[in-house]
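The values are calculated or read from the model by the stated rules, or taken from the named source; none is laboratory data. In this text, all values refer to a predicted model and were calculated from it rather than measured experimentally. Positions of Cβ are generated from backbone atoms using ideal geometry, with glycine treated the same way; all protein chains shown enter the neighbour counts.
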Amino acid sequence: MPTGYWQSVVKQGLEVPSDRPLDDLTAELTAMLGSPDPEQRDGIAYPALATWVDRGVYDDLLVGLGDGMAAGLTVGLGEDGTDSVFRRAFSVLVLAECLERGTGQHLLTSGKVLQWGDQIATWYLRERDTRGYVPTKGWAHTVAHGADAIGVLATSPHLAANELTVLLDVLADRLLAPGTGLLTCGEPDRMALATMQVLRRNVVSLKVLEPWINRIAAAASSLGSTQDRDPFLDSGNPQAFLRALYLQLSLAADPPQVRPDLILVLVEVLRATNPHYLGPHHPA
């Protein structure tokens, strides 16, 4: 179907067209999620699917749509630098929309939520293409989009303390994964926001959170690195995450109960990993 057809749908407020079956429209939009053309992918396909999910168009079909999006996470998985990244990166966003709608309207079983959560986590840790903005093709942003999905997943009542702890570990594993590269498109902020969603459930204890923070902090210092590699390439991501989490925890209008204690933990590790800026002042 020509792009002009879909542009008219967008201009008409994304009302569901009545001239074609919903299945056909959905299949076409799903294919467009993987387009290297940002207008088709980011300007048409994702907004249309997300809007229809939010309006309840898919309520009776939500499991099927979500399963299709979960399948999209495997398309080209393992590739790096190819256009297959767009299908994965935008499938996870639509899957997050399905999770959010399902949670709000009680449309999903515990088993389905946990299945999708496992598929999201598996993809997130196996994803090799961590590009943010791709020139002429727009956003891929897999690390940010995956964090968004984890944040939505964390709001599900089907996840208790053990499952939420797993989500934190998935975020840390992704953040510290070798070969990720320096994340420069706001990904650490989005990962911190997902962490905040976990914390707001108020079921993960400081006894779990403190060693989790310390694990990230252990990778956040540029001190003691060898001289044959820029140490900030390794410490930059965890350092940016710790700073983002401290900022969000400090300024959030709806903070989790653990905020006072966790801020103290963050202050301690930020001082330890930034001694040149935050350590004791020694006059020359």
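A few notes on this one:
- Each residue in segment 225-249 was checked for being more than 21 Å from the chain's Cα centre (by Cα) and either more than 22 Å from Leu183 (Cα to Cα) or among the hydroxyl-bearing types (Ser, Thr, Tyr) (or both), and 2 pass.
- Sole residue being of a type in the set (S, T, N, Q) and touching a Leu at 6+ places or on another chain (Cβ under 6 Å), chosen from Thr82, Thr30, Thr51: Thr51
- Flag if Leu108 is at pLDDT 95 or above, crowded, with 19+ Cβ neighbours inside 10 Å and not assigned by TED's automatic domain parsing to the domain that holds Met196: yes
- All positions within segment 54-95 that are within 14 Å of Ala121 (Cα to Cα) and either basic (Lys, Arg) or outside the structural domain of Val152 (by TED's automatic domain parsing) (or both): Arg88
- Filtered residue count, segment 224-267, keeping only those that are more than 13 Å from Ile213 (Cβ to Cβ) and out of contact with any helix residue (DSSP H, G or I) (no Cβ under 6 Å at 6 or more places or on another chain): 22
- Exclusive hit being modelled with pLDDT of 95 or more, surrounded by fewer than 13 Cβ atoms within 10 Å (Cβ to Cβ) and outside the structural domain of Leu153 (by TED's automatic domain parsing), set Leu278, Leu251, Leu270, Leu266: Leu251
- Flag if Thr165 is surrounded by fewer than 23 Cβ atoms within 10 Å (Cβ to Cβ), in contact with a helix residue (DSSP H, G or I) (Cβ under 6 Å, 6 or more places away or on another chain) and at pLDDT 95 or above: yes
- Annotation for segment 214-233: no member residue is surrounded by 13 or more Cβ atoms within 10 Å (Cβ to Cβ) and acidic (Asp, Glu).
- Verdict on Val113 being farther than 23 Å from Arg200 by Cα and not hydroxyl-bearing (Ser, Thr, Tyr): no
- Considered as a group, the residues in segment 49-96 that are within 21 Å of Thr109 (Cα to Cα) and of a type in the set (Val, Ile, Thr) include one that is surrounded by the fewest Cβ atoms within 10 Å (Cβ to Cβ), and that residue is Val63.
- Looking across segment 1-27, the residues that are more than 19 Å from Asp59 (Cα to Cα), within 29 Å of the chain's Cα centre (by Cα) and surrounded by 13 or more Cβ atoms within 10 Å (Cβ to Cβ) come down to Thr3, Trp6, Gln7, Val9, Val10.
- Hits in segment 91-113 - residues which are in contact with a helix residue (DSSP H, G or I) (Cβ under 7 Å, 6 or more places away or on another chain) and polar (S, T, N, Q): Ser91, Gln105
- Subset of segment 72-114 [free of Cβ contacts under 8 Å to residues at least 12 places away in the same chain and either closer than 19 Å to Ala147 by Cβ or assigned to a helix (DSSP H, G or I) (or both)]: Gly104, Gly111
- Residue match in segment 188-196 (condition: assigned by TED's automatic domain parsing to the domain that holds Asp254 and surrounded by fewer than 16 Cβ atoms within 10 Å (Cβ to Cβ)): no
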